[in-house]
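The structure appears below as structure tokens.
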Amino acid sequence: MASHGLFPLQKRGYVPHLTVVICMFLVCTSAELERFQHPAKGDGSLSFLVIGDWGRKGGYNQSEVALQMGRIGENLDIDFVVSTGDNFYDNGLKDVHDPSFEESFTKIYTAKSLQKQWYSVLGNHDYRGDAEAQLSPVLRKIESRWLCLRSFVVNAEIAEFFFVDTIPFVDMYFTEKDHTYDWRGVLPRKKYLDNLLKDLDSALRESTAKWKIVVGHHAIRSVGHHGDTLELKKKLLPILQAHNVDLYINGHDHCLEHISSMDSPIQFLTSGAGSKALER
């Protein structure tokens, strides 16, 4: 079944608003983060859907949620969709010609309202396959609404979105023996993370948007199965706090959460679900 939450955000001096809908179901060394422009509506408002941990060829209630997303998307006249990663289970894509791309994406999200731009980051399951396949321009030619990069910025006028590749932050993925990860474009790890944090810090500092929203796969704060991601609390959270980020959106934990804290103005939203609730 589907679940959603509405979070209206209002621009100073404006009546227009921004609406977020959370959906759930049972670049290597960088210079500057790549930027994309996505204008708000003519009245200054913005609406978008957020979904995480979804690519299952229609199974695990994916098709049912896609149907509800289409209805909500039409009612709200959404501008785009945000994916928080784990786009293709269980082991990402094999290559750019993997039929899973169409079976889990193109043929599932068919509603007219969902034929908008999809902005996506990678999840840990995506890194178990050919991670670079999802970043390839080849997929954008196959499906023009697909845009997935490691880390990038979307300027939507009333709000600016900062997409962050959180997988390389997590120590366990570099030591576990059960799975193989595609680290092309990431190694040497320290240099990759140093550059990413530097570029994010710079992008947030320069942002003049009313709302600053950061998107990643892993939770910074969570009461779900995986709990807090300690590496993100240590390395990423201080940068978000320093630049007054309003919202951090993630997937990974297969649940719907909204966490706020007395010692931080940042709101933490988790949008990720699936029947395999204990899947790592």
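FYI, it's all coordinate maths here, none of it is from the lab. If you're wondering where the values come from, they're calculated on a predicted model, not measured in any experiment. Ideal geometry is used to build each Cβ from the backbone, glycine not excepted, and the neighbour counts take in all protein chains shown.
What the table shows:
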{"read-out": "Per-pair calculated FRET efficiency, R0 = 30 Å: Phe36 and Glu64 via Cβ, rounded to 0.05", "value": "0.45"}
{"read-out": "Taking Leu240, Leu147, Leu67 and counting other C-beta atoms within 10 Å, the order from fewest to most", "value": "Leu67, Leu147, Leu240"}
{"read-out": "Cβ crowding within 10 Å averaged over residues, with 195-205, 156-166 ranked highest first", "value": "156-166, 195-205"}
{"read-out": "Alpha-carbon Debye profile of the range 40-181, log10 I(q)/I(0) at 0.15 Å⁻¹", "value": "-0.76"}
{"read-out": "Rough spin-label spacing in nm, given labels placed 7 Å along Cα→Cβ, for Val138 and Ala242", "value": "3.9"}
{"read-out": "Förster radius 45 Å - calculated FRET efficiency between Lys191 and Lys112, Cβ distance, rounded to 0.05", "value": "0.55"}
{"read-out": "Which listed pairs, of Lys212/Lys234; Lys41/Lys234; Lys212/Lys233; Lys41/Lys141, have C-alpha distances above 30 Å, in listed order", "value": "Lys41/Lys234"}
{"read-out": "Net lengthening on full extension, Glu74/Asp178 (0.36 nm per residue, minus Cα-Cα)", "value": "33.2 nm"}
{"read-out": "Footprinting exposure proxy for Arg184, Arg145 (fewest neighbouring C-beta atoms within 10 Å first)", "value": "Arg184, Arg145"}
{"read-out": "Given charges at beta-carbon only (K, R positive; D, E negative), |dipole| of the range 9-272 in Debye", "value": "420"}
{"read-out": "222 nm mean residue ellipticity, helices alone, for the chain (DSSP H n ≥ 4; -39,500 (n - 2.57); rounded to 500)", "value": "-5500 deg cm²/dmol"}
{"read-out": "Residue-span extension gain [Asp263 to His97] - 0.36 nm each, minus C-alpha spacing", "value": "55.0 nm"}
{"read-out": "Order of Met262, Met69, Met172 - criterion: other Cβ atoms within 10 Å of each residue's Cβ, fewest first", "value": "Met262, Met172, Met69"}
